[in-house]
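**Student:** Starting off with a structure, shown below.
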There are 4 protein chains.
Amino acid sequence: MSGSSFGRAFAITTFGESHGPAVGVVIQGCPPGLPIDEKILQNALDKRKPGNGIASTRRKEPDTPMILSGTFKGRTTGTPITILIHNTDAKSTAYSDIAGLFRPGHGDFTYEKKYRIRDFRGGGRASARETAARVAAGAVAQLVLDPYGIQICSFTMALGGIRVRHFDAGAAAENDLYCPDTAAAHAMENRIKTVKAQGDSLGGMVEITATGVPAGIGDPVFDKLDADIAKAMMGIGAVKAVEIGAGIAAAAMTGFENNDQMDSTGFLSNHAGGILAGISTGEPIVVRVHVKPIPSIGRTQKTLNQDGCETTISTKGRHDICAIPRINKVCESMLALVLTDHLLRQKMLA
Amino acid sequence: MSGSSFGRAFAITTFGESHGPAVGVVIQGCPPGLPIDEKILQNALDKRKPGNGIASTRRKEPDTPMILSGTFKGRTTGTPITILIHNTDAKSTAYSDIAGLFRPGHGDFTYEKKYRIRDFRGGGRASARETAARVAAGAVAQLVLDPYGIQICSFTMALGGIRVRHFDAGAAAENDLYCPDTAAAHAMENRIKTVKAQGDSLGGMVEITATGVPAGIGDPVFDKLDADIAKAMMGIGAVKAVEIGAGIAAAAMTGFENNDQMDSTGFLSNHAGGILAGISTGEPIVVRVHVKPIPSIGRTQKTLNQDGCETTISTKGRHDICAIPRINKVCESMLALVLTDHLLRQKMLA
Amino acid sequence: MSGSSFGRAFAITTFGESHGPAVGVVIQGCPPGLPIDEKILQNALDKRKPGNGIASTRRKEPDTPMILSGTFKGRTTGTPITILIHNTDAKSTAYSDIAGLFRPGHGDFTYEKKYRIRDFRGGGRASARETAARVAAGAVAQLVLDPYGIQICSFTMALGGIRVRHFDAGAAAENDLYCPDTAAAHAMENRIKTVKAQGDSLGGMVEITATGVPAGIGDPVFDKLDADIAKAMMGIGAVKAVEIGAGIAAAAMTGFENNDQMDSTGFLSNHAGGILAGISTGEPIVVRVHVKPIPSIGRTQKTLNQDGCETTISTKGRHDICAIPRINKVCESMLALVLTDHLLRQKMLA
Amino acid sequence: MSGSSFGRAFAITTFGESHGPAVGVVIQGCPPGLPIDEKILQNALDKRKPGNGIASTRRKEPDTPMILSGTFKGRTTGTPITILIHNTDAKSTAYSDIAGLFRPGHGDFTYEKKYRIRDFRGGGRASARETAARVAAGAVAQLVLDPYGIQICSFTMALGGIRVRHFDAGAAAENDLYCPDTAAAHAMENRIKTVKAQGDSLGGMVEITATGVPAGIGDPVFDKLDADIAKAMMGIGAVKAVEIGAGIAAAAMTGFENNDQMDSTGFLSNHAGGILAGISTGEPIVVRVHVKPIPSIGRTQKTLNQDGCETTISTKGRHDICAIPRINKVCESMLALVLTDHLLRQKMLA
């Protein structure tokens, strides 16, 4: 009950701190017989690796996954799958001078209030490093989704106030930001450079889509598919808003405009984002998350130290300028986890 | 595992269909010794009652709560509290002509896909009537919050595309829409009348705030306080987007702009919406939900019947024009449930 | 988290006190489409009804079940099934003179210590009356087991120190005690009469068997099928010991004696009681529960009142002499619940 | 949902196979600030180590625990505590000749039926090696119990059909079997030698006692303290029966004999075993578990191979003759886990 577990039928528990020996995950409920090896995990982890892209930290972690349990002769056995990712480039000394300070925008203050003790090194348990474990778990979830033909992808739709104006999925593969608009991608990169020089940071918006999800997945009332997706996304450190389908835009439409009518070809629109009454419609599931700027910045900010005295802080450690694009893979992984969980639950009704 | 339970330490299970004998809720984990009676529940239910306000259905339900268990001599005993709300004005005949149709924007199609059987009368389990049970539970949760001085309120910030421009909490009490801007409220009412005449419906946006929440509440990683709030809100039928604090606006700020700096007076801003790293800061918790328009409309829409044949539908039953303002109380109730759950969890660390 | 829920995939929550308006149960996870009506529930409830048999209380409860939700046109819909059983013969006045006393062998003292408030009327939530809700839920579980051909029965194997010597399943149907040994049944009945005249009470032992359970059901490690059965049985008020298969006798055997060898006809014995490493073998599942004597007795006993002063107590209310045979149906119901839960879980691996 | 998690407020998840790289555990819900180091864990693990005593395997595992997360500067932080115990003496080759056989009394057959794939080396996930992780977790639980003065101990009360006749707690410390009767201990040792020479194995009975548990711990109805203890114990591989307090003997007593009367000095007896209506009375909690003989024996037994053909088997690997006394520490650990879980839950009512 310390909040580190997610899912019910397909349930994961992550553990580990930024500057401890390792982060990792135990996965329960994975069906037996699925082909698995560390390469599959590595491919997923590489997409969220620090050091990727213009917006990223200079911390270099190979993020090598090690499978400790739950597989036999290259297949899952149905028993808990444990994956360990050792921390190799943790420089705790970089944090010793801020040990007693509450970094603005971080969990330092709230962890202190909650636990009255905290591992201050690199954010400890609150570090984004924990999401490596989620990505490894998401890669295992994807093994369950594969036979259904379910595919998950994500696009950077806004960054630093610059929004995508033309959507070209192919373009996204050609820039480091997974941005489907080449011109916008260039503008975003320039914005990053400018803001980096100012010792500041940026946020943005990511759209995640799952295709191939069969109709009928999701539980009604509290455990709606969209409710679980909202929890999954809002539980990612930097996310401050989650939309499903038309989302915020739906609030300004009339019922006639927003309703997805049907004819024999299927739904005539997808304002619902693939979910009605918490259950999948068979249309693509569309999720948007709004990501706050990285709180660690070089600019000087007012804060308190642990004794409640006023002071200032200016972060010198290695930090990303923007959580995008590394967060994109984390969002995809969380969506994979939710869908896998609900797909397995649905089997009980068959 | 049918999705009808919410919460862990303070856990509720709702049951009942729109046109069955009753809806209700079982509440587990309520501390013993709290003063309770049906009046407290009735007051809460009255705020969500059909028939309230210009945007509401003409269905008249007294929504009289009956406590079946868990209390003794006017106090909670620590055992499950069961509350029953009988359905008295259910006119199933109004639904017989749409029994075999999938109403656009409703869960008819998805329930059929999931269960292959469904109670089509008034949406059955997917009906907004289920939220009466949530409101009753929320009133019990509020009994736990009261000694902490935690108060929850909500305001209608947008409706039918009209947004609040001036915020005056006092004004909200003087219109049926809980809108804190008298001019906006009038515009909203006019918009409702126009759209109603067109046989159409509207959505909007509600902001919910909790004050008095102590710092240190919320679990890290997956069960973050904001993650659980997001799930709670997105699990309300019509909600399509959830924001915490600065929310969507945060994504366009720089880190320096968005970070809430501190001095000896406390936080200098509250872009975080009272939550950092999933744990409360002690500042007001601020949540915004974006509500889609009511899907039941008089205008003719294309749809399919249960045999997959094309047809059209035009809703004739008694329906709200807008989920606001009735949904406001439901949102407040869900926030009360999440906060109570996390407050009780936190006691285990003391 | 008040302990009133059981099961995970097929999950029930019971509620209600002995002398409140009703007891009841909410069942989640029941697959849709199963034929159900109140008669099925009534048949099950009749087997546990007060007033049955020589060992029973004179309290006359019709135990009429009312289905409040989760069914439509005589079939389950997949949404929560709520069953209410009203209390009609609760005589609270009978308890007013013992309101401030801790009855030996009852939960009065411990409920007081735990909650500092308690509904003393008839044991409140700790009353065996709560098991009516379990039996109703067990009847629904049996609907899931039926298509598998799984049958559950129970026999009274000991009562008041008298043990069954010859096993004749047919004989059990011919006495009120479900005892498969006519001579033993007579001796038990005489023992009951004698002890009743002395103002005392008796315990005994019940064996419950499930046949038709396919091999491969049950989770390993902590959620072993036998572990969940042990919890289910020990959670019935009067049960003080649970055995699986050879049980206690196994502890005195050698490995060679106890192991169930196999040949092409299957297992050559069933000392395991149908469960190996927590998973079903396909052989009958055999459980034995040892039931303590009813604590409410006419004989005078020493106890304390709520102020901690010494006093004596002699129960005058209407009470059973022995929990057997009414408890037999409760045991069968709990086994049905465990098996249904694990059968549904297993579907996720298919 | 693969069954490898236990507990709710203090919740553990174990992982790992007998012949994989490691076994381990993730502990959630441990309060922050408790002093912890690997020595505390090592001391506990040493008591369950293979190679201890006359009845034990010759497999030599140092069972060195490694803390991967959840601590900082020698104290728990409130985040998940992960403990890894590497397997160093796993000889898989010893199992290659029985890879395709179903060993009688083991989970080979049932795992095959459940998962259709299994790690046959040393029992894989079903190996008693998994209990090392439980013991490590139990040592952490004990850190929570310590400030309450709660102590847990266990005694071997029967082995190979030989029962303890005189109870002398001091005597237990002087023999390898933790047997509180020196004469019985000698007889047990002789019985072990004899049976070992015959290529056979033995079972027995262990009594576990917890003192210092305050009154008022445990949830009513399904999550009774004794119900959770029964599940905890029956979930240990070799356990076939569980008794609480007078247990089986209670079934033959009258109510007057079995009831624990009270006077101003407290309870006058403890037939209840420290639990009434599922809640602790403040008296010692007394549990007895009956342990089946080790199923791996040298004697030749009939069985089937994976193709369903008849064959025989005679185990040649390194195996214990009796699960006692190694299982004693596992039982103590499981009791510590249940008590810790319920103590933390109780805090929510305070």
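The values are calculated or read from the model by the stated rules, or taken from the named source; none is laboratory data. This one's a predicted model, so the numbers in the text were calculated from it and none came from an experiment. Cβ: placed from backbone, ideal geometry, glycine included. Neighbour counts: every protein chain shown.
**Student:** Across segment A:1-18, what is the number of residues that are more than 7 Å from every other protein chain (Cβ to nearest Cβ) and in contact with an Asp or Glu (Cβ under 7 Å, 6 or more places away or on another chain)? Show your work before the answer.
**Tutor:** At the first step, the residues of segment A:1-18 found to be more than 7 Å from every other protein chain (Cβ to nearest Cβ) are A:7, A:10, A:12, A:18.
Retained after the next criterion (residues that are in contact with an Asp or Glu (Cβ under 7 Å, 6 or more places away or on another chain)): A:7, A:10.
Qualifying residue count for the region: 2.
**Student:** Of the residues in segment D:177-221, how many are small (Gly, Ala, Ser) and more than 30 Å from C:Glu112 (Cβ to Cβ)? Full working, then the answer.
**Tutor:** If we filter segment D:177-221 for residues that are small (Gly, Ala, Ser), which is where we start, we get D:183-185, D:187, D:197, D:199, D:201, D:203-204, D:210, D:212, D:215-216, D:218.
Restricting the remaining residues to those that are more than 30 Å from C:Glu112 (Cβ to Cβ) gives D:183-185, D:187, D:197, D:199, D:201, D:203-204.
The total comes to 9.
**Student:** Also, I was wondering about something else. Is it the case that A:Ile294 is facing chain B (nearest Cβ under 10 Å), in contact (Cβ under 8 Å) with a residue 40 or more places away in the chain and either surrounded by fewer than 20 Cβ atoms within 10 Å (Cβ to Cβ) or closer than 18 Å to B:Ala249 by Cα (or both)?
**Tutor:** yes
**Student:** Identify all residues within segment D:267-279 that are in contact with a strand residue (DSSP E or B) (Cβ under 9 Å, 6 or more places away or on another chain) and either β-branched (Val, Ile, Thr) or in contact (Cβ under 8 Å) with a residue 12 or more places away in the chain (or both); write none if there are none.
**Tutor:** Initial filter on segment D:267-279 (in contact with a strand residue (DSSP E or B) (Cβ under 9 Å, 6 or more places away or on another chain)): D:268, D:270-275.
The answer is D:Asn270, D:His271, D:Ala272, D:Gly273, D:Gly274, D:Ile275.
**Student:** For A:Lys240, state whether it is without any contact (Cβ under 8 Å) to a residue 40 or more places away in the chain and in contact with a Lys or Arg (Cβ under 6 Å, 6 or more places away or on another chain). Lay out the reasoning, then the answer.
**Tutor:** Numbers: without any contact (Cβ under 8 Å) to a residue 40 or more places away in the chain: no; in contact with a Lys or Arg (Cβ under 6 Å, 6 or more places away or on another chain): yes.
Here the answer is no, as A:Lys240 does not meet what is asked.
**Student:** Next question. Can you tell me which residues in segment C:88-116 are of a type outside the set (D, E, K, R) and at pLDDT below 95? Show your work before the answer.
**Tutor:** Just the residues of segment C:88-116 that are of a type outside the set (D, E, K, R), to begin with: C:88, C:90, C:92-96, C:98-102, C:104-107, C:109-111, C:115.
C:Thr88, C:Ala90, C:Ser92, C:Thr93, C:Ala94, C:Tyr95, C:Ser96, C:Ile98, C:Ala99, C:Gly100, C:Leu101 - these are the residues of segment C:88-116 that are of a type outside the set (D, E, K, R) and at pLDDT below 95.
**Student:** While we're looking at this one, here's another question. Return yes or no: is A:Pro21 at pLDDT 90 or above, farther than 26 Å from C:Arg345 by Cα and surrounded by 22 or more Cβ atoms within 10 Å (Cβ to Cβ)?
**Tutor:** No; evaluated as a whole, the condition is false for this residue.
**Student:** Modelled with pLDDT of 95 or more and more than 22 Å from B:Ile294 (Cβ to Cβ): which single residue out of A:Ala246, A:Ala230, A:Ala215 fits that description? Quick ask: steps written out before the conclusion?
**Tutor:** Working: A:Ala246 fails: more than 22 Å from B:Ile294 (Cβ to Cβ); A:Ala230 fails: more than 22 Å from B:Ile294 (Cβ to Cβ).
Matching residue, one of A:Ala246, A:Ala230, A:Ala215: A:Ala215.
**Student:** Among the residues of segment B:157-186, how many are out of contact with any strand residue (DSSP E or B) (no Cβ under 6 Å at 6 or more places or on another chain) and either among the aliphatic types (A, V, I, L, M) or within 20 Å of B:Val242 (Cβ to Cβ) (or both)?
**Tutor:** Within segment B:157-186, residues that are out of contact with any strand residue (DSSP E or B) (no Cβ under 6 Å at 6 or more places or on another chain) and either among the aliphatic types (A, V, I, L, M) or within 20 Å of B:Val242 (Cβ to Cβ) (or both) number 8.
**Student:** Checking B:Met1 against (1) at pLDDT below 95; (2) closer than 30 Å to B:Asp200 by Cα: exactly one of these is not met. Which one?
**Tutor:** (2)
**Student:** Working only within segment A:230-261, note down all residues that are more than 24 Å from the chain's Cα centre (by Cα) and buried (at least 24 other Cβ atoms within 10 Å of the Cβ).
**Tutor:** Once the filter is applied, which keeps residues that are more than 24 Å from the chain's Cα centre (by Cα) and buried (at least 24 other Cβ atoms within 10 Å of the Cβ), segment A:230-261 yields A:Ala250, A:Ala251, A:Gly255, A:Asn258, A:Asn259, A:Asp260.
**Student:** Which residue is modelled with the highest pLDDT, if the candidates are limited to segment A:27-74 and must be touching a Cys at 6+ places or on another chain (Cβ under 9 Å) and either of a type in the set (Lys, Arg) or buried (at least 23 other Cβ atoms within 10 Å of the Cβ) (or both)?
**Tutor:** Filtering first and then ranking leaves A:Gly70.
**Student:** Same structure, new question: If I ask for residues that are of a type in the set (Phe, Trp, Tyr) and under 21 Å from C:Lys329 (Cβ atoms), which ones from segment C:203-259 would you list?
**Tutor:** Restricting attention to segment C:203-259, the residues satisfying the condition of being of a type in the set (Phe, Trp, Tyr) are C:222, C:256.
None; the set is empty.
**Student:** Looking at A:His106, A:His86, which one is within 11 Å of chain B (Cβ to nearest Cβ) and either under 20 Å from D:Arg118 (Cα atoms) or touching a residue at least 24 places away in the same chain (Cβ under 8 Å) (or both)?
**Tutor:** A:His106
**Student:** So, one more: Just need a number here: residues in segment B:284-298 that are over 12 Å from A:Gln261 (Cα atoms), in contact with a helix residue (DSSP H, G or I) (Cβ under 7 Å, 6 or more places away or on another chain) and of a type outside the set (A, V, I, L, M, F, W, C).
**Tutor:** Total meeting the criteria: 4.
**Student:** Please find, among B:Gly216, B:Gly199, B:Gly204, the residue that is under 26 Å from A:Asn259 (Cβ atoms) and touching a Lys or Arg at 6+ places or on another chain (Cβ under 6 Å). Spell out the reasoning first.
**Tutor:** Details: B:Gly216 fails: under 26 Å from A:Asn259 (Cβ atoms); B:Gly204 fails: touching a Lys or Arg at 6+ places or on another chain (Cβ under 6 Å).
On inspection, the qualifying residue turns out to be B:Gly199.
**Student:** Any idea which of D:Ile236, D:Ile192, D:Ile217, D:Ile244 is more than 7 Å from chain C (Cβ to nearest Cβ), of a type in the set (Val, Ile, Thr), under 26 Å from D:Ile162 (Cα atoms) and in contact with a helix residue (DSSP H, G or I) (Cβ under 6 Å, 6 or more places away or on another chain)? Spell out the reasoning first.
**Tutor:** Details: D:Ile192 fails: in contact with a helix residue (DSSP H, G or I) (Cβ under 6 Å, 6 or more places away or on another chain); D:Ile217 fails: under 26 Å from D:Ile162 (Cα atoms); D:Ile244 fails: more than 7 Å from chain C (Cβ to nearest Cβ).
One residue alone meets the criteria, D:Ile236.
**Student:** A:Asp263 is checked against (1) in contact with a Phe, Trp or Tyr (Cβ under 9 Å, 6 or more places away or on another chain); (2) among the acidic types (Asp, Glu); (3) within 24 Å of B:Leu304 (Cα to Cα) and fails just one. What number does that condition carry?
**Tutor:** (1)
**Student:** Please work out which one of (1) over 18 Å from the mean Cα position of the chain (by Cα); (2) over 28 Å from A:Ala185 (Cβ atoms); (3) buried (at least 24 other Cβ atoms within 10 Å of the Cβ) is the condition A:Gly273 fails and give its number.
**Tutor:** Among (1) over 18 Å from the mean Cα position of the chain (by Cα); (2) over 28 Å from A:Ala185 (Cβ atoms); (3) buried (at least 24 other Cβ atoms within 10 Å of the Cβ), A:Gly273 violates only (2).
**Student:** Right, here's the next one. Residues being outside any helix (DSSP H, G or I), under 12 Å from the mean Cα position of the chain (by Cα) and either within 30 Å of A:Leu343 (Cβ to Cβ) or within 9 Å of chain D (Cβ to nearest Cβ) (or both): count how many of those fall in segment C:324-350. Give the steps one after another, and end with the answer.
**Tutor:** Of all residues in segment C:324-350, those outside any helix (DSSP H, G or I) come to C:324-325, C:348-350.
Checking the rest, the ones that are also under 12 Å from the mean Cα position of the chain (by Cα) come to C:324-325.
Applying the additional criterion that residues be either within 30 Å of A:Leu343 (Cβ to Cβ) or within 9 Å of chain D (Cβ to nearest Cβ) (or both) yields none.
Count: 0.
**Student:** Mind listing just one residue for me: the one in segment B:115-127 that is basic (Lys, Arg), at the interface with another protein chain (Cβ under 7 Å from one of its Cβ atoms) and under 24 Å from the mean Cα position of the chain (by Cα) and, of those, nearest to B:Gly24 (Cα to Cα)?
**Tutor:** First, pick out the residues of segment B:115-127 that are basic (Lys, Arg): B:116, B:118, B:121, B:125.
Then drop every residue that is not at the interface with another protein chain (Cβ under 7 Å from one of its Cβ atoms), which leaves B:116, B:118, B:125.
From what's left, under 24 Å from the mean Cα position of the chain (by Cα): B:118, B:125.
Details: B:Arg118: 19, B:Arg125: 12 Å.
Only one residue tops the list, namely B:Arg125.
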